[in-house]
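The values are calculated or read from the model by the stated rules, or taken from the named source; none is laboratory data. All figures in this text were calculated on a predicted structure; none of them were measured in a lab. Neighbour counts are summed over all protein chains in view; Cβ atoms, including those assigned to glycine, are modelled from backbone coordinates with ideal geometry. Note: accessible area is taken over every heavy atom of the protein model, side chains too, but ligands, DNA and RNA are not part of it. Shrake-Rupley method; radii C 1.70, N 1.55, O 1.52, S 1.80 Å.
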Amino acid sequence: MAMSEKFDSLEEHLEKFVENIRQLGIIVSDFQPSSQAGLNQKLNFMVTGLQDIDKCRQQLHDISVPLEVFEYIDQGRNPQLYTKECLERALAKNEQVKGKIDTMKKFKSLLIQELTKVFPEDMAKYKAIRGEDPPP
C-alpha cells in the first residue's frame, strides 16, 4: 500500500470516527430511554472506529509529526499553515545566511588586498600555496 493510500485510509477512518462522535453527542444531548439501542450501536461503532484507527497507526508507525503541528491544531489553526510558515522562516534564514556569506567574502577580499600591501612576499607565498597566483 502506497504512503498516500495509507494517509487516505487514516483520514477516512478519522472522518467516520468524528461523524460517529457527532451523532453520539446528538443522541446523548437529547437522550430518551427509547434511544438506548441507537446509543449502544454508536458506542460499538466508536470502539470499532478506534480499532480501525489503531490498525492505521501500525501502518504509519515511522511517521513523525512535529509537536508544533499539534499546537496549531489545538489553537484552531490550519496545520498546513505550519508548513507554510516553516518554509517562510527557512527562506528568511537562508537570506540572512547568504548575506553573512557575502559579507565574509567581501571582508576576505579586502583583507587579502590590505595584507598584500603590507606583506607582499608573504601574501605571494600564500596565494601560491592556495593556487591563486603562480609564484613570482
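Assorted remarks:
- Solvent-accessible heavy-atom area per residue, rounded to whole Å², over the chain at 1.4 Å: 80 Å²
- With all protein chains in place and a 1.4 Å probe, the accessible surface of the chain carries 60 percent carbon and sulfur.
- Reachable lysines from Lys42, criterion Cα separation under 17 angstrom, eight or more residues apart if same chain: Lys16
- Part-to-part distance (alpha-carbon centres) for the stretch 16-75 and the stretch 84-129, which is given in Å: 57 Å
- Qualifying GluC sites (Glu not before Pro) in the stretch 63-136, DSSP loop, other Cβ atoms within 10 Å at most 15: Glu132
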